[in-house]
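For reference, the structure is listed below as structure tokens.
The values are calculated or read from the model by the stated rules, or taken from the named source; none is laboratory data. This one's a predicted model, so the numbers in the text were calculated from it and none came from an experiment. Reconstructed Cβ throughout: ideal geometry from the backbone, glycine too, with neighbour counts over all protein chains shown.
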Amino acid sequence: MAEYSPPTAHARNRKSRGLFDWRSLRLVVLGTVAILFVSSCAGYRLGPPSGLSARAKTVYVATFVNKTLEPRLSEAVTQALRKRLSQEGTFRLVTRGAADIVVSGTLTRYDRQAVAYEYRDVITARDFEATATAQVVAKPTTGGAPLVDCEVRGRATYRIGADQTTSERLALPALADDLARRVAGLLTDGVW
């Protein structure tokens, strides 16, 4: 009867290699992944998408004119837009003096519409969507055609609590922030 002897290390390596060398295959796969990872960032540019260098231009945000029946909406939108532009970093926000761009706007419409109703009660609204529309104009102070002149709409959804007026008032900052986000996007992403 023959005794069992475990295979030697050389014999094991010879058997496991087969058609492919797994160590070489692993290096090829890791190299391919590294090349794909590095080349996927080839089109990325740091800085603002409009091509301007960060904070190269100054912007002044005038207080929005409120032609709606919603009180304090213009102050909330103006403050939210100033905050958004300051955080975004494409422009340097100025409050006094000369600016390269002046942003002004008129709030033309404020609506609210029920979007969800109480369970088993199709008359009592549970959630509302508030919508604010503004005509926004961004002009260079040197004159010429406006950089932005369009209608922008912001939205916010809120749930009715014990008091509809209080719930609507608490949703006002979210509505102003959404409108400001859209206006700031027009200013920073625009090609002009």
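Values for this structure:
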quantity: Any hit, the range 170-187, residues being under 30 Å from Thr58 (Cα atoms) and free of Cβ contacts under 8 Å to residues at least 24 places away in the same chain; calculated: yes
quantity: Residue check for Arg112: more than 20 Å from Lys83 (Cα to Cα) and modelled with pLDDT of 90 or more; calculated: yes
quantity: Count of the range 83-97 residues which are over 21 Å from the mean Cα position of the chain (by Cα) and closer than 15 Å to Ala56 by Cβ; calculated: 1
quantity: Test: residue in the range 114-125 that is without any contact (Cβ under 8 Å) to a residue 40 or more places away in the chain and within 21 Å of the chain's Cα centre (by Cα); calculated: no
quantity: Which listed residue, of Val103, Val77, is touching a Lys or Arg at 6+ places or on another chain (Cβ under 9 Å), at pLDDT 90 or above and surrounded by 16 or more Cβ atoms within 10 Å (Cβ to Cβ); calculated: Val103
quantity: Every residue from the range 133-159 that is of a type in the set (A, V, I, L, M, F, W, C) and either in contact with a strand residue (DSSP E or B) (Cβ under 6 Å, 6 or more places away or on another chain) or at pLDDT 90 or above (or both); calculated: Ala134, Val136, Val137, Ala138, Leu147, Val148, Cys150, Val152, Ala156
quantity: Selection count, the range 121-172, where residues are outside any strand (DSSP E or B) and of a type in the set (Asp, Glu); calculated: 3
quantity: Subset of the range 48-70 (residues that are assigned to a loop (DSSP other than H, G, I, E, B) and modelled with pLDDT under 90); calculated: Pro48, Pro49, Ser50, Gly51, Leu52, Ser53, Ala54, Arg55, Ala56
